[in-house]
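Only the coordinates and a few stated rules stand behind these numbers; no lab work does. All values derive from a computational prediction rather than experimental measurement. Here the Cβ positions follow ideal geometry from the backbone for every residue, glycine too, while neighbour counts run over all protein chains shown.
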Amino acid sequence: MTTADQHFSTDAVGVPEADGRFVTVAGIQPVELVPGLEFRPVLGERTMVNFVHFAPHTEAPRHVHEEEQIVIVLEGEFDFELDGEVRTVRPGDVVVVPPWVPHGARTQDSTCLEVDVFNPPRRTLLEHASAERERTRADVAEAAGAAADDGAAG
């Protein structure tokens with residue numbers, strides 16, 4: 001069994017591959033591939049998290065992809081089809097979608113806010129997510145430069 005000391009270890013046995021960063025989801029330019037369905041992807045080094053907002057009566061058509069997907073419902077609800085089985089999923093519910101398994105979702109009268117975790121990152125959102133990552137890195141660098149200028153002026 002894993003102990004707290006093991007889980008929260010500070011022993012650095014590797015080298016960081018990138019700088020960490022903070023992201024404000026509302027600041028991400030949404031991608032709307034289907035009317036009423038907004039994607040806001042956040043890209044890490046090996047994983048993508050996609051914040052998804054469904055308007056009422058909106059459908060993500062049945063589809064497949066090579067990436068593994070984990071869906072976490074935060075607000076509202078939608079009907080999720082997973083390999084032919086349909087269930088209404090609500091806050092706290094999770095759907096695990098292995099690669100190439102057919103799936104889709106549809107809201108009824110309510111909205112739905114959910115998070116998709118993709119590994120590897122979802123290929124069709126990669127260009128947008130990469131551009132957003134670079135934009136947020138540039139914003140951080142600019143803010144750091146401005147803070148340094150303020151410190152030098154004081």
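Quick notes on this structure:
- The phi torsions of segment 81-90, fed into the Karplus equation with coefficients 6.51, -1.76 and 1.60 and a -60° offset, translate into couplings of 9, 10, 6, x, 9, 10, 9, 7, 10, 10 Hz, rounded to whole numbers, with Gly and Pro shown as x.
- Along the chain, longest interval not containing exposed trypsin sites (Lys or Arg not before Pro), exposed being DSSP loop plus at most 13 other Cβ atoms within 10 Å: 47-154
- If the chain linking E134 and H7 were pulled fully straight, counting 0.36 nm for each residue of separation and taking away their Cα-Cα distance, it would gain 42.6 nm.
- The chain: angle of helix 126-153 to the longest principal axis, Cα-based, in degrees nearest 10: 30 degrees
- Leading residue at positive end of dipole, segment 24-137 (Cβ point charges), from S130, A105, A55: S130
- Residue-wise HN-Hα coupling along segment 105-110, computed from phi with Karplus coefficients 6.51, -1.76, 1.60 (Hz; x: Gly, Pro): 8, 8, 8, 9, 7, 9
- Segment 63-87 and segment 34-54 have Cα centres separated by 14 Å.
- Sum of side-chain charges, R40 neighbourhood, beta-carbon under 14 Å (Lys, Arg +1; Asp, Glu -1): -2
- Sequence-distant residues sharing a close amide H with G44 (under 5 Å, placed H): V49
- Label assignment, Rg and Dmax of the Cα atoms in Å derived from the structure, set [x] 15.4, 50; [y] 22.0, 74; [z] 18.9, 64: [z]
- Computed from the Cβ-Cβ distance with R0 of 22 Å, the FRET efficiency linking V101 to E59 stands at 0.75.
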